[in-house]
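Novice: Below is a structure I'd like to ask you about.
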Amino acid sequence: MVFGLLLVLLIAFVSVALTVRSLSRTSAPSVLEVDDAVEWISERLPEEAASQLRKDEVSKIISWWLDSLDSAGLASEHGQEIGEGRAKNNTAESVANLDVAVDEVVARALEDSEPLNEVAVVVVLDLLVVYLTEIGAIGSRPTEHG
């Protein structure tokens, strides 16, 4: 009876250890939380851009960028890799689509009821790419952001 109990405990311990080891090798998916991105970007805006944009405008810029990526076929649903099943695996095409997305966002910013400074908009988009890299949504591996 004692031997059986020890055998069960050993099997349980080995199973848990193997599962923990397996899970430690996989990374959690990166999810863009717009409010977190707005905070992160707003804290890092250069003084000149920060003086020209409010947080709600930073949020609007991010929203326009996401809309543009969606219309280009590069956006994804929760749980999918960016562009999974939608965009071709052609890196040059993806870069071109991102350039188009930036152009579209700048155009929308200039056409807005309260036009935004195009340089400040591009600075926000540059910081957004840095943020997405920091959280591991793009690039090779996730890192802590704060």
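Novice: For Val14, all conditions in the list (1) at pLDDT 70 or above; (2) of a type in the set (A, V, I, L, M); (3) closer than 26 Å to Val124 by Cα hold save one; what is the number of the exception?
Specialist: With respect to (1) at pLDDT 70 or above; (2) of a type in the set (A, V, I, L, M); (3) closer than 26 Å to Val124 by Cα, Val14 is out only on (3).
Novice: So, in segment 18-59, of the ones that are within 17 Å of Glu111 (Cα to Cα) and in contact (Cβ under 8 Å) with a residue 24 or more places away in the chain, which residue ends up surrounded by the fewest Cβ atoms within 10 Å (Cβ to Cβ)?
Specialist: Gln52
Novice: Starting from segment 95-113, take each residue that is under 16 Å from Ser71 (Cβ atoms) and list its partners that are surrounded by fewer than 18 Cβ atoms within 10 Å (Cβ to Cβ) and modelled with pLDDT of 90 or more, counting only C-beta distances under 6 angstrom and pairs at least six apart or across chains.
Specialist: From segment 95-113, the pairs are Val106/Glu118.
Novice: Could I ask something else about it? Of the numbered conditions (1) surrounded by 13 or more Cβ atoms within 10 Å (Cβ to Cβ); (2) at pLDDT 85 or above; (3) out of contact with any Ser or Thr (no Cβ under 9 Å at 6 or more places or on another chain), Leu110 satisfies every one except a single condition; which is it?
Specialist: The single condition Leu110 does not satisfy is (1).
Novice: Additional query: What is the one condition in (1) closer than 20 Å to Leu32 by Cβ; (2) modelled with pLDDT under 80; (3) surrounded by fewer than 17 Cβ atoms within 10 Å (Cβ to Cβ) that Leu74 does not satisfy?
Specialist: It is condition (3) that Leu74 fails.
Novice: Could you list all residues from segment 28-62 that are over 15 Å from Leu132 (Cβ atoms) and of a type in the set (Ser, Thr, Tyr)?
Specialist: Ser42, Ser51, Ser59
The values are calculated or read from the model by the stated rules, or taken from the named source; none is laboratory data. Because the structure is predicted, anything quoted here is derived from the model rather than measured. Cβ sites come from the backbone with ideal geometry, for glycine too, and all protein chains shown count toward neighbours.
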